[in-house]
1. Which of the listed residues, 249, 355, 49, is farthest toward the dipole's positive end in the chain, when Lys, Arg count +1 and Asp, Glu count -1 at the beta-carbon?
2. So which of 90/138; 27/239; 101/138; 138/216; 101/293; 80/138 end up more than 23 Å apart, counting from Cα to Cα?
3. At residue 1 and residue 198, where each label point lies 7 Å from the Cα along Cα→Cβ, what is the point-to-point distance in nanometres?
4. Within the P(r) computed for the stretch 188-316, what percentage of the Cα pairs occupies the region above 23 Å?
5. Between residue 43 and residue 64, what is the label-point separation in nm under the 7 Å Cα-to-beta-carbon projection?
6. Taking only protein heavy atoms and a 1.4 Å probe, what accessible area per residue, in Å², does the chain have with all protein chains in place?
7. Where nothing but the Cβ of Lys and Arg (+1) and of Asp and Glu (-1) is charged, how large is the charge dipole of the stretch 1-99 around its Cα centre, in debye to the nearest 20?
8. Rounded to the nearest 0.05, what FRET efficiency do residue 340 and residue 293 have when you use their Cβ-Cβ distance and R0 = 41 Å?
Amino acid sequence: MTLIADRLNRISPSQTIAISTKARALKAEGRDIISLSAGEPDFDTPDHIKQAAIAAINAGDTKYTDVAGTAALRQAIVAKFKRDSGIDYKPEEIIVSTGGKQVIFNAMLATVQAGDEVVIPTPCWVSYPDIVALAEAKPVFVPCSQNNGFKLRAEDLEAAITPNTKWVFLNSPSNPTGAAYSAADLRPICDVLLKHPNVWVFTDDIYEKLVYDGFKPATIVEVEPRLRERTLTMNGCSKAYAMTGWRIGYCGAPLALIKAMDKLQSQSTSNTSSVSQAAAVAALNGPEDEIVKMAEVYKARRDLVVDMLNDAPGIICSKPEGAFYVFPSMRGCIGKTTAKGKKIETDEDFVIALLDEEGVAAVHGSAFIYPGHFRISYATSTEALREACTRIQRFCAALK
């Protein structure tokens, strides 16, 4: 009898965390490392949010809450969905979890089983396939070309749907590409979904407030209200409010699904932190001046990184609409050899050699089910980004 359950063989450790861990280890050894691998804002949580948490502690709001979240936070989430997307949810159709990842985990574990299929456009966030596999369903990958802005085409979605399809995932703006869907982009996708009444939609909108150049992102129920009764709309406080460590994710969905997720969460984590929930109320109900300022800085960084990467031999980098990532192609570097004699045969070879030889940590595209590319997070200082891109240019120029 073995100790470790077979189900763990279906998944692997997060590769984005693995790269960040290796970068930290090299830095601890005294290496000059610039890490562009983590998906975490480098800004501090706004003061009014921190003050709300302190006030909650001082008021003794440190007890258990309802599993689905406090009444105040669920009402703030209802107001947020209405204000930003025009979607009407009731408080009982809302659940708060320990980060967006738990929302995904709960939804999949509560609904899918062996034989079910989940359509996942790629490139995709690294955790989607593993969570689906852990829940015993089958991830069905639909590659989305850089020529189409890394966005899902309606005809490709139609081709991927089978009688076994239970869910379709959408992520806008996307991790790892930064690609975002407008209402016009989503309309043909909604038309396909309307033809398949047994298919549910999981829309991950956690980066929705980090968009640039006047882009207006849309979400499924906003574009097609007839899909409301089979759509889960997920969001959270981590990215827009620089609250990654506070661990607040949430979603709106039909009541039956929320009840199932509540049941599961009641036997796993129960409620998320009461203090974090108080902070999230202040975030969602408060001013958004700091988000605007952060977005302006991110836009300037995006433009810098895109321009500098496109000056690196063998690299092609498109300009994303949102989030804080770029996902350049490095196919022009495949088959070449680095200055220290390492042969580049894959995108993983590329990022490992880049880290070892130039001290820049990025994540290989294969981690996002899209080889031939790599992801850079520009959620770090402008000075560090400029230096990192200079090193990437030098690395690529030295390839032979």
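The values are calculated or read from the model by the stated rules, or taken from the named source; none is laboratory data. Since the structure is predicted, the reported quantities are computational estimates derived from the model, not experimental observations. Note that each Cβ is placed from the backbone with ideal geometry, even for glycine, and that neighbours are counted across all protein chains shown. Keep in mind that these areas ignore ligands, DNA and RNA; they rest on the heavy atoms of the full protein, side chains included. Shrake-Rupley method; radii C 1.70, N 1.55, O 1.52, S 1.80 Å.
1. Positive-most Cα among the choices belongs to 355.
2. The answer is 90/138; 27/239; 138/216; 101/293; 80/138.
3. 3.9 nm
4. In whole percent, the share of Cα-Cα pairs in the stretch 188-316 beyond 23 Å is 51.
5. The modelled label-to-label distance comes out at 3.7 nm.
6. Dividing the accessible area of the chain by its residue count gives 41 Å².
7. So the magnitude is around 200 debye.
8. Result of the calculation: an efficiency of 0.50.
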